[in-house]
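The values are calculated or read from the model by the stated rules, or taken from the named source; none is laboratory data. Predicted model only: the values in this text are computed from it and were never measured. Using ideal geometry, Cβ is built from the backbone for each residue, glycine included, and neighbour counts are taken over all protein chains shown. These area figures cover heavy atoms from the full protein model, side chains too; ligands, DNA and RNA do not enter into them. Shrake-Rupley method; radii C 1.70, N 1.55, O 1.52, S 1.80 Å.
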Amino acid sequence: MAATTDLDPIQTNATPNPPPNKQIFILSGQSNMAGRGGVLKKLHRWDGVVPPEAQPHPSIFRLSAKLHWEVAHEPLHADIDTKKTCGVGPGMAFANGVRERVGTVALVPCAVGGTAIKEWARGEKLYEDMVKRARHSVKDGGEIRAILWFQGESDTSTEHDADAYQGNMEAFVANVRRDLALPSLPIIQVALASGVKYIEKVREAQLGMRVENVVCVDAKGLELQEDNLHLTTQAQVILGQMLADAYLTHFAPPLKSKPST
């Protein structure tokens, strides 16, 4: 059952920086990555319910909008996606799903609701802000392990945008790898759970990408809120666990075997 968190934000922020061997994950895309789980749309506020799988942990950090590290807690994107009310996204469930395997997890929230993929092209503000934040995240050590990408709902309205999606996504992958000097950087993208007229064209592009170290998890069938667009809190938890499984299966360093006695 979900439990309401009573975290004191002042207490949460007054923490040391993560260790230099932190494992960094970039969270990017639009509203379902930023998180709308538990957002009461008519009241424009979040219900404050944080499931056990998304609870804070001393080994999970986030990079704030002001480029300061702090212990991560929901809503992860509150100071990033500032024009909308943020709630639970997949990031904390993902982090809790990988931390026992990878150690200290450092999340870099970058997602902004209502954004089309052309707004994530090199030279555009969202893209450049993401790259800036990613570069800053490694200033004091650590490795960028993957980008978690959930975007595309805004590209399902017209056939032109849907047809262009695969080429735009492939360009995004190539550009971000080049700009971060990480030619094999893993990208875990989410195939859409919701959209409008041309959703299947965008999903086909997402599921059909054949680019090295790009894998896709499918959100189709996860529970949606009444708006038929945003994932519920519990659906976000499931998605975070799917992303964690994908990372551990495809990209995590192998477990070190214990020496036999």
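Quick rundown of the values:
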quantity: Max mean-square fluctuation residue, GNM over the chain, Cα-Cα springs under 10 Å, options His230, His160, His136; calculated: His160
quantity: Two-site FRET efficiency, Arg101 against Lys220, from Cβ-Cβ distance with R₀ of 22 Å, rounded to 0.05; calculated: 0.25
quantity: Under the Debye formula (equal points on every Cα, no solvent term), log10 I(q)/I(0) of the stretch 155-261 at q = 0.13, 0.18, 0.24 Å⁻¹; calculated: -0.59, -0.99, -1.30
quantity: Three-way shape label, the stretch 39-187, alpha-carbon gyration tensor, a/c 1.5; calculated: oblate
quantity: 13 Å Cα-Cα reach of Lys42 towards aspartates and glutamates, excluding residues that sit fewer than 8 places from it in its own chain; calculated: Glu226, Asp227
quantity: q = 0.08, 0.09, 0.13 Å⁻¹, the chain: log10 I(q)/I(0) [Debye, one scatterer per Cα]; calculated: -0.29, -0.36, -0.78
quantity: Top of Asp161, Asp140, Asp245 by mean-square fluctuation, Gaussian network on the chain, Cα under 10 Å; calculated: Asp140
quantity: Dipole magnitude of the chain about its Cα centre (Cβ charges: Lys, Arg +1; Asp, Glu -1), debye to nearest 20; calculated: 640
quantity: Lysine pairs with alpha-carbon atoms under 23 Å apart, the stretch 65-210, spacing 8 or more or separate chains; calculated: 15
quantity: Label-point gap, in nm, between Leu229 and Glu200 - each point 7 angstrom along Cα→Cβ; calculated: 2.3
quantity: Average accessible surface area per residue within the stretch 112-261, 1.4 Å rolling probe, Å²; calculated: 50
quantity: Amide N of the stretch 184-198 lying under 19 Å from the label point, which is placed 7 angstrom from the Cα of His160 along Cα→Cβ; calculated: 196-198
quantity: Among Gly141, Gly152, Gly35: highest mean-square fluctuation, GNM of the chain, C-alpha pairs under 10 Å; calculated: Gly141
quantity: Within the stretch 50-123: Cβ-based charge dipole about Cα centre, in debye rounded to nearest 20 (Lys, Arg +1; Asp, Glu -1); calculated: 260
quantity: Under Karplus coefficients 6.51, -1.76 and 1.60, residue-wise ³J(HN,Hα) of the stretch 125-130 in Hz, glycine/proline x; calculated: 4, 4, 5, 5, 5, 4
quantity: Other-chain or far-sequence residues with amide H under 5 Å of Asp218's (modelled H); calculated: Ala191
